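A.B. asks: Here you go, one structure.
Since every read-out is calculated from the coordinates, none of them should be taken as a lab result. Since the model is a prediction, treat every value here as computed from it, not as a measurement. In this analysis, Cβ positions are derived from the backbone assuming ideal geometry, glycine residues included, and neighbour counts consider all displayed protein chains.
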Amino acid sequence: MKIVPGLKLAAYFRYLPPSWEFSLCVLAAFALTDLSRDGASRALRIAVALVALAVIAAIWTTHRHGLSLHGRLALGNAIFLAVVLLAMAALAWRSRSGETRRRALAALLVLEAVVCFAIPTLSTPSRGAVALDGVHYLQANLGFQRFVTLGPVQPNYGAYFGIASINHNDLPIPRIWTDYVERHLDSNAPPILFTGSSRQDSAGPSAADQLIANLDAYRRVGVRYVLAPKESPGQPAFASLAHYVDETPQPALREVFSDKVMRVFELANPAPYFSAPGCTLVADTRNSVEADCTAASSVTRLELFMRGWRATVNGEATPIAQTGEIFQRIALPAGRSTIRFEFAPPFIGWAWAAFVIGWILFAIAFTSFAARSHRQPQ
């Protein structure tokens, strides 16, 4: 797993099952097609016998190593599987018509899929109470600042709730950001899993350890709130956080909110999202700000510096410079200015062109196919 770079980070449990499931579906479709031929009876019987032997071997192996499932659900699944296999065997041996076998086995496959997939969903809760008090607190108080999590409100849910998080669990992701996280925020977080819990080295520092060691770096990226699980006190992974908050005179972190799922700590004096020396700034959104400067200055924006961003000052395009390793800065004239930011992915024009060409080719192919089908004798 460690020889091929990145292989140990691959989520096989998530991405591999669809591959072999699709392969089995294709094989099953081929088998059903072959069953319509009367000469396939002997091959079918051999296949059923081999599958039955494989199932028996798997059951024996799992039982021998103590891996077999226990309980009512496991027993029900085993009985259902046995019934399906017996029904398939009966069809293979008793039916004389290939078309009858094909239809019957197709019906069995549909039944098996419904029972094993659809029916279990009936056992899921039909309703439940979602604890959103902490989310509502952040929505009311976060403003343009950001939060970092040590558990609650995992990455991507920040976008869902409209609250800015610095955590990520995504691909692709800008290398400039992952390098910054490793250098300044959390050196033990996997590059693509800055989640507040994932660790590269389980024996290394926890996310809470890295947070306490790098509080100033978290300030510089605009972090105002730190989220921790409600049950974090007393847990070894959060010992450094508890010690800092409880034992440090005038700590930079203080608890400002808690509910039944999370604790919210406020980090003192985070860097503002917009800043400009000698200027008064009024921000309407993250992409729009009004500036009133006593002299020429520059505005720093705590947004990732990357291709695709464009800025205008009083309607005129202005270059965006890189500052603070990963952030944006533009020059401002003296007096009042209206600054706007826009983002479009690099090469988006080519992407739109390819999209249109794809639809044109699809229309041509569909028209050609329809014309050929119309000309063929019925």
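A.B. asks: The range 164-204: which chymotrypsin sites (Phe, Trp or Tyr not before Pro) are DSSP loop and have at most 16 other beta-carbon atoms within 10 angstrom?
C.D. replies: Numbers: sites: 177, 180, 194; in loops: none.
Here no chymotrypsin sites (Phe, Trp or Tyr not before Pro) fit, given the DSSP loop and packing criteria.
A.B. asks: Report, largest value first, the span of the C-alpha coordinates of the range 133-267 along each principal axis, in whole Å.
C.D. replies: Largest to smallest, the principal-axis extents are 36, 33, 25 Å.
A.B. asks: Still on this structure: At a 10 angstrom cut-off on C-beta neighbours, averaged per residue, how do the peptides 239-250, 266-277 rank from highest to lowest?
C.D. replies: 266-277, 239-250
A.B. asks: Against the longest alpha carbon principal axis of the chain, how many degrees, from 0 to 90 and to the nearest 10, is the axis of helix 12-35 turned?
C.D. replies: 30
A.B. asks: What Cys residues in the chain have no fellow cysteine's beta-carbon under 4.7 angstrom?
C.D. replies: Among the cysteines of the chain, those whose Cβ sits 4.7 Å or more from every other are 25, 116.
A.B. asks: Can you order the peptides 45-56, 210-221 by their average number of other Cβ atoms within 10 Å per residue, highest first? Mind dumping the intermediate values first?
C.D. replies: Working: 45-56: 12.5, 210-221: 19.0.
Result, highest mean Cβ count within 10 Å first: 210-221, 45-56.
A.B. asks: Rank-order 350-356, 26-32, 301-307 by packing density, defined as the average count of other C-beta atoms within 10 Å over each peptide's residues, highest first.
C.D. replies: Top to bottom by mean Cβ count within 10 Å: 301-307, 26-32, 350-356.
A.B. asks: While we're looking at this one, here's another question. Determine the calculated [θ] at 222 nm for the chain from helices alone, applying -39500 (n - 2.57) to every DSSP H run no shorter than 4 residues and normalising by the residue count; nearest 500 deg cm²/dmol.
C.D. replies: Value at 222 nm, helices only, nearest 500: -13500 deg cm²/dmol.
A.B. asks: Right, something else. First select every other residue whose beta carbon is under 12 angstrom from the beta carbon of residue 313; then total the charges, Lys and Arg +1, Asp and Glu -1.
C.D. replies: That sum, taken over residues with Cβ under 12 Å, equals +1.
A.B. asks: Would you mind ranking 279, 25 by Cβ crowding within 10 Å, fewest neighbours first?
C.D. replies: The most exposed by this proxy come first: 25, 279.
A.B. asks: Binning every alpha carbon pair distance of the range 290-378 at 5 Å from zero, what are the percents per bin?
C.D. replies: Spelled out bin by bin, the range 290-378 gives 3, 12, 15, 13, 11, 7, 6, 6, 5, 5, 5, 4, 4, 3, 1, 1, 0 percent.
A.B. asks: Can I ask one more? Over all directions, how big on average is the projection of the convex hull of the alpha-carbon atoms in the chain, in square nanometres?
C.D. replies: 30.5
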